[in-house]
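Since the structure comes first, as structure tokens, the remarks are kept for the end.
Any read-out appearing in this document is the output of simple, stated calculations on the displayed coordinates, not a laboratory observation. Quick caveat, the model's predicted, so the values are computed rather than measured. Cβ atoms come from the backbone with ideal geometry, glycine included; neighbour counts cover every protein chain shown.
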Amino acid sequence: MNQFEFTKIAGAVLAALLLIVGTKTFIEMNVGQTPEKPGFQLPAPTAETAKPADGAAGEAGAPAAATPEAAGKEVVALLAKANAENGKSIFKKCHACHVSEKGKTPTVGPNLWGVVNRPKATYPGFSYSEAMKAKGGDWSFEELGRFLHNPKADIPGTKMVFTGLPTPSDEADVIAYLATLADTPVPLPK
Ligand code: HEC
């Protein structure tokens, strides 16, 4: 190897080293730096933006309202005009898992006789999920509206495997029907 070749090789090795060390230093200088403020702020949902657009109500089975809160309020507003007879036929979907006659032994889900205003997860002899037991409160019309809109979104971890009813008006009708399943039917909001 002559002097010239040696210089070339040494030069190449040095250049490679410089590249490695330089890159490493550059990376070290830049990692661990988190910007104090995110580049842009996502808008927080407000009552206005959370509302579904008119006419978008649950077409093609898509959940109509963006949040369980909005869904609950929307359904309560529809109760005054709800049709319990139609609710009874929609209830066939529920019947796969729920009985609704007074005193009847629960099947897959708890017996729904008297469910409106009943404290959650309290039907005797039914084994509820931890999530349902932890939720607390009563099955008010609004809470039923939230839950039936999208059970898993309202109570993550519920063992009610049901995607939710397709439209707020179906929900209102079913809830109006549930209100009749009691010794003294629960009056609907006017
Ligand atoms: C695939 C079975 C299934 C279907 C279909 C179903 N449910 Fe349920 N439901 C359950 C189960 C299981 C639970 C208990 C959930 C838990 O413990 O997390 C439940 C719980 C409930 C509760 C809470 C009751 C309580 O005692 O706290 C209500 C209300 C309810 N369902 C209403 C309905 C309605 C109304 C429909 C029809 C629109 C329906 N469910 C369809 C299985 C089902």
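Here are a few things to note about the model shown:
- The lone exception for Ile175 - which of (1) closer than 21 Å to Ala70 by Cα; (2) assigned to a loop (DSSP other than H, G, I, E, B) it fails: (2)
Conditions (1) surrounded by fewer than 20 Cβ atoms within 10 Å (Cβ to Cβ); (2) over 16 Å from Ala70 (Cβ atoms); (3) within 6 Å of the ligand (Cβ to nearest atom), marked per residue:
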| residue | (1), (2), (3) |
| --- | --- |
| Pro106 | yes, yes, no |
| Val115 | no, yes, yes |
| Glu130 | yes, yes, no |
| Val161 | yes, yes, yes |
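- Qualifying residue in the range 168-189 (condition: touching a residue at least 60 places away in the same chain (Cβ under 8 Å), surrounded by fewer than 14 Cβ atoms within 10 Å (Cβ to Cβ), more than 9 Å from the ligand (Cβ to nearest atom) and under 24 Å from Glu74 (Cα atoms)): yes
- In the range 132-152, of all residues being hydrophobic (A, V, I, L, M, F, W, C) and farther than 24 Å from Ala82 by Cα, the one that is nearest to the ligand (Cβ to nearest atom) corresponds to Met132.
- Single residue of the range 73-96 satisfying the filter (part of a loop (DSSP other than H, G, I, E, B) and within 8 Å of the ligand (Cβ to nearest atom)) that is surrounded by the most Cβ atoms within 10 Å (Cβ to Cβ): Phe91
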